[in-house]
1. From B:32, B:67, B:78, B:46, grab the single residue that is crowded, with 20+ Cβ neighbours inside 10 Å and in contact with a helix residue (DSSP H, G or I) (Cβ under 8 Å, 6 or more places away or on another chain).
2. In the stretch A:242-267, which residue that is under 30 Å from the mean Cα position of the chain (by Cα) and within 13 Å of another protein chain (Cβ to nearest Cβ) is surrounded by the fewest Cβ atoms within 10 Å (Cβ to Cβ)?
3. Just the residues that are within 22 Å of residue B:367 (Cα to Cα), in a loop (DSSP other than H, G, I, E, B) and in contact with a strand residue (DSSP E or B) (Cβ under 6 Å, 6 or more places away or on another chain), please, taken from the stretch B:310-329.
4. Here are A:233, A:307: which of them is buried (at least 20 other Cβ atoms within 10 Å of the Cβ), modelled with pLDDT under 95, within 14 Å of another protein chain (Cβ to nearest Cβ) and closer than 26 Å to residue A:125 by Cβ?
5. Please work out which one of (1) within 14 Å of chain A (Cβ to nearest Cβ); (2) farther than 22 Å from residue B:242 by Cβ; (3) out of contact with any strand residue (DSSP E or B) (no Cβ under 6 Å at 6 or more places or on another chain) is the condition residue B:413 fails and give its number.
6. Scan the stretch B:443-458 and tell me whether some residue there is at the interface with chain A (Cβ under 9 Å from one of its Cβ atoms) and either touching a helix residue (DSSP H, G or I) at 6+ places or on another chain (Cβ under 9 Å) or buried (at least 22 other Cβ atoms within 10 Å of the Cβ) (or both).
7. Scanning for something over 27 Å from residue A:128 (Cα atoms) and facing chain B (nearest Cβ under 9 Å), does the stretch A:316-325 turn up at least one residue?
8. Assuming residue A:270 fulfils every condition listed in (1) more than 8 Å from chain B (Cβ to nearest Cβ); (2) part of a strand (DSSP E or B) apart from one, which condition is it?
């Protein structure tokens, strides 16, 4: 018996050596340990053994069974690991092949700039209001200190529908609507489209966008205006950016300023884009003209106000180095797709 | 406004480089568009004196000249010109010199004879003949005056100058004059202004005996000054005047016309000179034109006048359009010997209206529109007479006619110092403010806490404290305004609901692969034709601009679709193989035409697609997904019937009964009209309606505890049977148990008969209260089989 057990042990070992697939192990398990397996068969002959031998052989055969099961399990694991490794090796992919094409569009640079700008001003406590693009003379001109026959009406080259209705020439038209309907303190911005009879070229478009800002409160000063616009410029273009206020004129503000920011292309060194000045004009601003306050029912002796109108196309062109404003309205996919390659 | 630097320097000493000067002007409020050095292209060109002229031995038209160019010994130059004689002074481009256009002159040999440079014509130096009358078309420029051989040509021809292009602000018409700018330059340079001469001698007589002036319409003519000059000698004006005029962009004509233009540029006052002998009845009447009155203007055009227009008439009729252009009849000619100078102040808005109506645009007109200073009319006239005297152009008759009924004192402005400080944001001391204001000619003194200021005669824009604040600040320096963050009540900022909604739409549409576009709000009416819209179609009800840039930009759009089709076409024709776009913009819907009140400005969403990967169901999916993300449910679709969409491939989308918009394949004829090949797809949705329907914040439920079951069905039905209706019915049958109904296949072909299709649909059922029982499930599935079969004449495939 003992010898037979040894034979089984050796034969299992030998067979395990040769096994290369996990299925071979299963075969061995059935052939040796299964109901009709060699060991099982052998043990059926235990009855013939003497009472002394029986427990000894019994123990030996149990040991052998446990031993074989251990080998089988171990060999199974080994083979499975090998097979897994082989499968993984076989599944190796060419990682240089491009990934699955994802179809995501992106928003237009103008609206992206508008959203960015709104975010900046909302952060400073401004509320966004909307106004009509087709305006009447009263809100677009009269209430903004541009009476009939005023030369500023001509300078702006307004598009008219009739004597009274027109396409607003500036988002400032919203100012009068807000002042007539709200009491100070007022702190609003109003982004939107405006229209002027400019022929189309690299820096002009008859349709463009502005963002109006208006603050009315007690003791508002030009220093507040500077603070707000400096903050805006830093958030829009980064810390290194500077602003420059130049005296100017708008009928609805006095004093008035045109505001330049450091040319992004040359960092203020002077280049072709900024005509060598190092500065790019992006907005007009000033202290709300007391006549405008009075006409809109706000006492100019009690309140002062500041207003600004930011040219969104300019801001956009400057932010992204867009060489020609016409590109913004052509909507060529090859242009638009470039705004999907980074933050906008 | 173009101003030669040298002209400005006539009135104020400026010891600054042009760079520094223009920078100071800009920073004190006078914008500079740019400046140009007149002689920047000319170098190494000098005055030469011809000493000897002999014919070239080897040429029948060349001459060999010995020229004194100040070098000690004569220089030999060969020329092809023959308008010169020994002793003439001519410009000589020496060896290694440059002429306008980048022309480089070097010594060389002409037919074997050495030529050490070139003698120049006026044209070669860029000197126009109306500035230099001796400049002929072909031939050398013969120089006039006391010149030294070898001296630089630039000062001789006025090329040692810089022309500055000032951009004048609308509130500063005074700066549309060299003298007005001199007042600004005086502050920038720190030197006082020297006024030109207004003095002249007269020859006696009395202007009132030579002419009578009557202003009938005082509302349109605030002041009218006139003077008469006799024994006029018409001739070219002196070189300095011609050079100034030319550099300022005005063509020199003759001494009388040049004087009027010179004074206009110098003082900002448009002037007119009449040949008084041609003024019938020697009467000047300033009045509105009569109904049907006509006249011929200086440009030889016949003008039909209306009673809104102001004219200068004589005893018999209009002889000038006030403030715009004189009449042909009373034009200054070479034979003129008696001249009436007019210096008046006409009403700007009226001039603007008349000019527009007649389609005229003159320099004088532009100045009146922007505001001519009524207080300076007489002084300008005196200046013109002083120039007559200086140029010996005629004899000034005694007396000036000055009709000025509404003369007012110069305004005095009182401003509260604290208020001025508040506006400026910087507390400039009162004394400093007075000093600055005085330097601008605004006489100011401090009284208590007030500044009392009196504006100078040339300024019309100083009326209130805010104006004083600006004057002080612009000279003190905007750079010194501190940058502060606002103080006061804390306010919560808030974006608008419309912006928040647009952001969501952009996110959704970009996520589906579409790129946002921005197009003009005005379109060409031709696009309505291109959409095949019939007469009277509501979309044709567009607000129309009176003065568009052209027909292409004349109608306010009532739909975004044509702009989108144009964008698709542009992209296709530029070779972009496929594209998906969307635009969020307003459409303009007038309540009536012609418009009498503001129209509805309605936000709309437009989607446009073309390319292999897109079809009807793609755009339908985009519409459905967009509406889903907006929280709009219960969508139904009806076949659309619009001329610009494919009749079999277009649909209207509703939420319940509410119409939201339409979408579909572009009609092939419309595609042709917009010049694109192949199929395109568009959608247009009414965002205002979407806003009303939107569910707002998502409503979330707990995860279901009990399992769902899925049952698949394949029905064979006719091609015409709408699959969506079958799915709707299944959904309805499932009732509360329906979680989802999904289409997973449509099969055509063997063994399905032609004209039929096999449609595979699955339904997912779930009861949130308990695990579904077989009875519950089969109650639903049995009904589905029977009702679908019955209602749609369909057969369940086994």
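The values are calculated or read from the model by the stated rules, or taken from the named source; none is laboratory data. Just so you know, these numbers come straight off a predicted model, no measurement behind them. For neighbour counting, all protein chains shown are included, and Cβ atoms are generated from backbone atoms with ideal geometry for every residue, glycine included.
1. Values: B:32 fails: crowded, with 20+ Cβ neighbours inside 10 Å; B:67 fails: in contact with a helix residue (DSSP H, G or I) (Cβ under 8 Å, 6 or more places away or on another chain); B:78 fails: in contact with a helix residue (DSSP H, G or I) (Cβ under 8 Å, 6 or more places away or on another chain).
Sole residue among the options that is crowded, with 20+ Cβ neighbours inside 10 Å and in contact with a helix residue (DSSP H, G or I) (Cβ under 8 Å, 6 or more places away or on another chain): B:46.
2. Initially, the stretch A:242-267 is screened for residues under 30 Å from the mean Cα position of the chain (by Cα), giving A:242-243, A:259-267.
Among the residues that remain, those that are also within 13 Å of another protein chain (Cβ to nearest Cβ) are: A:242-243, A:259-260.
On the way: A:242: 14, A:243: 21, A:259: 25, A:260: 20.
Ranking the qualifying residues of the stretch A:242-267, first place goes to A:242.
3. Within the stretch B:310-329, B:322, B:323, B:328 meet the criteria.
4. Working: A:307 fails: modelled with pLDDT under 95.
Exactly one residue qualifies, and that residue is A:233.
5. Residue B:413 satisfies all of (1) within 14 Å of chain A (Cβ to nearest Cβ); (2) farther than 22 Å from residue B:242 by Cβ; (3) out of contact with any strand residue (DSSP E or B) (no Cβ under 6 Å at 6 or more places or on another chain) except (3).
6. First pass over the stretch B:443-458, keeping only residues at the interface with chain A (Cβ under 9 Å from one of its Cβ atoms): none.
Checked the stretch B:443-458: no residue is at the interface with chain A (Cβ under 9 Å from one of its Cβ atoms) and either touching a helix residue (DSSP H, G or I) at 6+ places or on another chain (Cβ under 9 Å) or buried (at least 22 other Cβ atoms within 10 Å of the Cβ) (or both).
7. No, there is no match, as no residue in the stretch A:316-325 is over 27 Å from residue A:128 (Cα atoms) and facing chain B (nearest Cβ under 9 Å).
8. Failed condition: (2).
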